[in-house]
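The values are calculated or read from the model by the stated rules, or taken from the named source; none is laboratory data. Predicted, not measured: the structure shown is a model, and the values here were computed from it. Cβ atoms come from the backbone with ideal geometry, glycine included; neighbour counts cover every protein chain shown.
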Amino acid sequence: MQLVRWSLVAAALLALAGCGSKDIEPRAPKPRPNDWRQIATSADRDRIARWRAAWLAGLDKATAAGNGPQIAAQGALLKPDLALDDPMLPPGDYACRVIKMGAQTRGLMDYIAYPFFSCRVTAADGRIHLAKLDGSQRPVGDIFPDEGRRMVFLGAMMLGDEARPLPYGRDAERDMAGIVERVAPRRWRIAFPYPRWESTIDIFELVPKG
């Protein structure tokens, strides 16, 4: 009986050893979702849904503060219902700047156009990635397909001398959600409705360099 018991134990150990010696096939990485609605927070889905109300409110405040000529000078850039087909941003280097409209709090300007900085668009792993390269406030994130003549940006704001951005969704105060559109043959914009700081809407302009 004892010999039978040890034979069974030995057979079990050999079976386990055989299992351990086989190559274990690595699991394929789970693909990242490419539908912005599956990624965006509920707060950002709400901001995107109310983009036009934010735009009109920002325009009204900026115009009432005497900035009508500056707004008109921007042409199609600040017109909420003007967008062209093919909103995809080609990879490359861009000149980029932000125009803020409609101060959230008293004492701030209702219209301010910042100078141009540098941005870069890259494509990798099936996604379009946008990063502002300089300045004290630097949006960094991905651009996702959407219906019609627009795409959607989801990302986070880098500040000061930070070396890397927070992942989207980590800090609601840093999260950014915007609508990407093309408004001229070589001119794009991202409208950020109800940003966390300063304004009612931010219009981020992008023009290819070279």
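Things worth noting here:
- Considering residues of region 159-175 that are touching a residue at least 40 places away in the same chain (Cβ under 8 Å) and not charged (D, E, K, R) only, the residue farthest from residue 36 (Cα to Cα): 172
- Yes/no for residue 143 being in contact (Cβ under 8 Å) with a residue 12 or more places away in the chain, closer than 15 Å to residue 35 by Cα, crowded, with 20+ Cβ neighbours inside 10 Å and of a type outside the set (Gly, Ala, Ser): yes
Residues are listed down the side, and each one gets a yes or a no for (1) closer than 19 Å to residue 195 by Cβ; (2) buried (at least 22 other Cβ atoms within 10 Å of the Cβ); (3) among the small types (Gly, Ala, Ser):
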| position | (1), (2), (3) |
| --- | --- |
| 128 | no, no, no |
| 131 | yes, no, yes |
| 151 | yes, yes, no |
| 162 | yes, no, no |
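- Applying a threshold of 6 Å to beta carbon distances and a minimum spacing of six or more residues, or different chains, the list of pairs starting in region 63-75 at a residue that is over 23 Å from residue 186 (Cα atoms) and ending at one that is at pLDDT 95 or above reads 65/110; 67/111.
- Any chance residue 176 is in a strand (DSSP E or B) and out of contact with any Phe, Trp or Tyr (no Cβ under 8 Å at 6 or more places or on another chain): no
- For beta carbons closer than 9 Å, sequence separation of 6+ or different chains, a first residue in region 87-104 that is surrounded by fewer than 17 Cβ atoms within 10 Å (Cβ to Cβ) and a second that is among the polar types (S, T, N, Q), the qualifying pairs are 91/122; 92/122; 93/118; 95/118; 104/199; 104/200.
- Boolean, residue 110 is acidic (Asp, Glu), surrounded by 14 or more Cβ atoms within 10 Å (Cβ to Cβ) and over 24 Å from residue 38 (Cβ atoms): yes
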